[in-house]
Amino acid sequence: MKTKILPLVLIFSFFAVISQAQSLVWHQSIQYSGNLRGAPVALSQQIVDFPSAGKVVVHFDGMFTADDGDRIVLAASNEPYWGTNNDNIGMLVPDAAANRRSFSHTRSYDVVAGADTFYAVGQNYVEEAGSGIANIYASLSVEFFPATGTAAVVNQDIYYNGNLRGAAVNLGSLTINPTAAGKIVVHFDGYVHSDVGDKIVVAASNAASWGANAGNVSVESSNANSRYLPFSHTRVYDVTAGAYTYYAVGENYVNTAGSGNAYIYGNLSAEFFPATGPTASYTSLSKTGVALTNAVALDSVTLTAPTDGKVLVTFDGNCNSDLGDRIVLAASDVRDWGTNADNVNVEAPSASIDGNSFSHTRSYDVTAGTHTYYAVAQNYVETGGSGSASIYGSLTAKFYANASTGVKEITTTQFNLFPNPTSGKINISLAEPTGSLEIKLADMNGRIIKNEKMNNTNSYQLNVADLAAGMYFVTVNGTVKRIVKE
């Protein structure tokens, strides 16, 4: 028997949802195995609820295995499909033996308050000599920076077609203006298409050039059929208030047997974390000839969380190893790694071309206090080489406080609602007409599900028949009242 809820006629409880302008993060692991031939496949989706307008950075990284001859397109997207050029990265594995690659793809979008969905997308496209089947172990993260907060992000798409022979080339740049002291995390990822015999160096940098070791990553085609090479490079800089310009840099360096021409599609982003707010910690790695018979913690970062929240940890860079050795790489909260999405692994395509770029991201719930994170590596499963590797990269940990959404009771009588409870429509009445007023209906999580206008009238009907039973909040010109939908 349905219980009758007595209507609230004379006494109302009024509530307002209060949201603090702060950076937030959402993250999920992806484990996909299936056929990507044909239409784009939404490998995973992340539904988020933004408390205000701002900007998001959507990052999809990890590794995939596929057949030799299949070009696998992967993309972070705000739709369950991808666009051309820098809206995706397309890659082939080196050959049937070295059939895996690590990848990284980033997109940035302006957002408004409310719910939105972001996707990790895959497709076997154009080159289809294999089965179309791929195994993808990855993660999808969504970082939110409110328009009114101290933390900030600036983004620049990179689309370059030209010659990289000789001096370093400025592929693109951006300028960010932090209002306080803190750290700026600069990230450049995407893919390179270049000639066999050309080693292409790419880097995120605070100058229109690059430095040695952790100051760049390099990629090189192993054969004419595998010239789509993913990369990921991160640098972090201490800053004070002011304007700072950062660059995506490229150069054809050392190995120059091809034409020096390259196509580079990518994304350059700069995220600012104030010293007194959301925090970031970072270390660069330059480890040469490390024996990896067992799991090795190459380096670590320590981050002090001021409150409960989440930490997003990324380990990316370049790994040089022997032909026949599979190298596992992972960002971790312990001095070891887990299976599948808890690591990425790379293999040298040949004895002369022994390098791979990589990227691995993990997210951890944390309490207030100090936490340590590790860059981990091991030679695992395939051990035909020496078991040693040289790894140049970055380990970055970024803290985001949990969303601080509270409910505050207020007493006001600017408008009335009836009937309440209701199964169909809610009548909204004012004492007298008051021009144009905005009406919002939100659920218990603060998500806006209806947004309507009340124009120069003292009464309005809001249809809630399509809603599930439960409690909701009606806001008229900033004043909030509770309703019950039967």
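Read-outs: derived from the displayed coordinates by stated rules, not from any lab. Small disclaimer: the values here were computed from a predicted structure and weren't measured. Here the Cβ is made from the backbone with ideal geometry for all residues, glycine too, and neighbour counts use every protein chain on show.
Calculate the FRET efficiency for Ala224 and Glu382 from the Cβ-Cβ distance with a Förster distance of 30 Å, rounded to the nearest 0.05.
Working: r = 25 Å, r/R0 = 0.83.
With a Förster radius of 30 Å, E is 0.75.
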Extreme residue, positive dipole direction of the chain, given options Val290, Ile483, Gly385 (C-beta unit charges): Ile483
Spin-label pair Asn78/Asn261, simplified geometry with 7 Å Cα→Cβ offset, distance in nm: 3.5
Cα-projected label distance for Glu438 with Thr367, points at 7 Å along beta-carbon direction, nm: 4.0
Dipole axis of the stretch 24-401 (+1 Lys, Arg; -1 Asp, Glu on Cβ), positive-most option in Val57, Ser359, Gly258: Val57
Distance between the stretch 52-121 and the stretch 282-329 - C-alpha centres, whole angstrom: 22
Prolate/oblate/rounded label for the stretch 125-193 (Cα gyration tensor, a/c 1.5): oblate
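Please report, in debye to the nearest 20, how large the charge dipole of the chain is about its Cα centre when each Lys and Arg carries +1 at its beta carbon and each Asp and Glu carries -1 there.
Working: 28 positive and 40 negative charges, 309 e Å.
Result for the chain is approximately 1480 debye, rounded to the nearest 20.
Would you mind checking Lys55/Lys183; Lys287/Lys398; Lys55/Lys453; Lys183/Lys450 for any pair whose Cα atoms are more than 30 angstrom apart?
Working: Lys55/Lys183 18 Å; Lys287/Lys398 23 Å; Lys55/Lys453 26 Å; Lys183/Lys450 39 Å.
With Cα atoms farther than 30 Å apart: Lys183/Lys450.
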Net dipole in debye of the stretch 53-111 [+1 Lys, Arg Cβ; -1 Asp, Glu Cβ; about Cα centre; nearest 20]: 180
Cα-projected label distance for Thr245 with Asn456, points at 7 Å along beta-carbon direction, nm: 5.2
Computed over the stretch 24-401, Cα set: Rg, Dmax in Å: 19.1, 54
